[in-house]
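As structure tokens, the structure follows; a few thoughts come after it.
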Amino acid sequence: MMNWLCVTLMLCAFSPLNEMTYENNDEFIEQSKNCVTWYNSEVPPQHRIPWQLAVSQAIQESNYGKSYFAIEANNLMGIKEFDDSMEGLKPRGNPNVKWSIKIFDTKCQSLIFYMNLLNTNHNYEEFRLEQLKQWTADYVDLEKLASTLAIYAEDVYYTKKIIQILRELKNYE
């Protein structure tokens, strides 16, 4: 009963419009987890993204929210913008790339955008099939979900890095 009450109070007090504030890695994890938990409270159960997966990717993409893109664009997920008419942030030292980093009002909004991307974009069909399979069978295999996300980044070792972070996050729980 007390756990349920604590989660309910946290969700009522949390808003994705509020800025995430953190001074260390543990606070980054907690603030990111709160954002993911809020999102998951707003979507059907079969579309919920495990907080550990989202936070693992945020850690990898933004170095615990300390990266240039996280600080200057509130973009924890390395989400690119390919529409020149939209405001974006060019990488330092590479202003001629044909894309920019999408700018968000808050860091939580970048996490929400990422979770919506996984749930709707055609590139993540394999992820959604695995997500639905696991939801239907009532289990969660975080490493199997992570292994479907190789397309998310250009790094050929991306999913291995995410799986390593997932394993490290087990100590956080």
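A few comments on the model shown:
- Residues being touching a residue at least 12 places away in the same chain (Cβ under 8 Å) and of a type in the set (Lys, Arg) are represented in the stretch 85-100 by at least one member.
- GLN46 vs. criteria loosely packed, with under 15 Cβ neighbours inside 10 Å, touching a residue at least 40 places away in the same chain (Cβ under 8 Å) and over 22 Å from LYS170 (Cα atoms): yes
- Considered as a group, the residues in the stretch 164-173 that are in a helix (DSSP H, G or I) and free of Cβ contacts under 8 Å to residues at least 40 places away in the same chain include one that is farthest from GLU126 (Cα to Cα), and that residue is GLU168.
- Considering only residues in the stretch 73-101 that are small (Gly, Ala, Ser) and out of contact with any Gly (no Cβ under 6 Å at 6 or more places or on another chain), the one that is farthest from SER62 (Cα to Cα) turns out to be SER85.
- Subset of the stretch 74-93 (residues that are more than 16 Å from GLU27 (Cβ to Cβ), buried (at least 22 other Cβ atoms within 10 Å of the Cβ) and of a type in the set (A, V, I, L, M, F, W, C)): MET77
- Single condition ILE71 does not satisfy, out of (1) exposed (fewer than 12 other Cβ atoms within 10 Å of the Cβ); (2) assigned to a helix (DSSP H, G or I): (1)
- Considered as a group, the residues in the stretch 101-154 that are free of Cβ contacts under 8 Å to residues at least 40 places away in the same chain and among the small types (Gly, Ala, Ser) include one that is surrounded by the fewest Cβ atoms within 10 Å (Cβ to Cβ), and that residue is ALA137.
- Scanning the stretch 49-68 for residues that are in contact with a Gly (Cβ under 9 Å, 6 or more places away or on another chain) and of a type in the set (Ser, Thr, Tyr), we see that the one that is surrounded by the fewest Cβ atoms within 10 Å (Cβ to Cβ) is SER67.
- Annotation: of all residues in the stretch 20-43 being hydroxyl-bearing (Ser, Thr, Tyr), part of a helix (DSSP H, G or I) and free of Cβ contacts under 8 Å to residues at least 40 places away in the same chain, the one that is surrounded by the fewest Cβ atoms within 10 Å (Cβ to Cβ) is SER41.
FYI, it's all coordinate maths here, none of it is from the lab. On a predicted model such as this, the values are computed, not experimentally measured, just so you know. Using ideal geometry, Cβ is built from the backbone for each residue, glycine included, and neighbour counts are taken over all protein chains shown.
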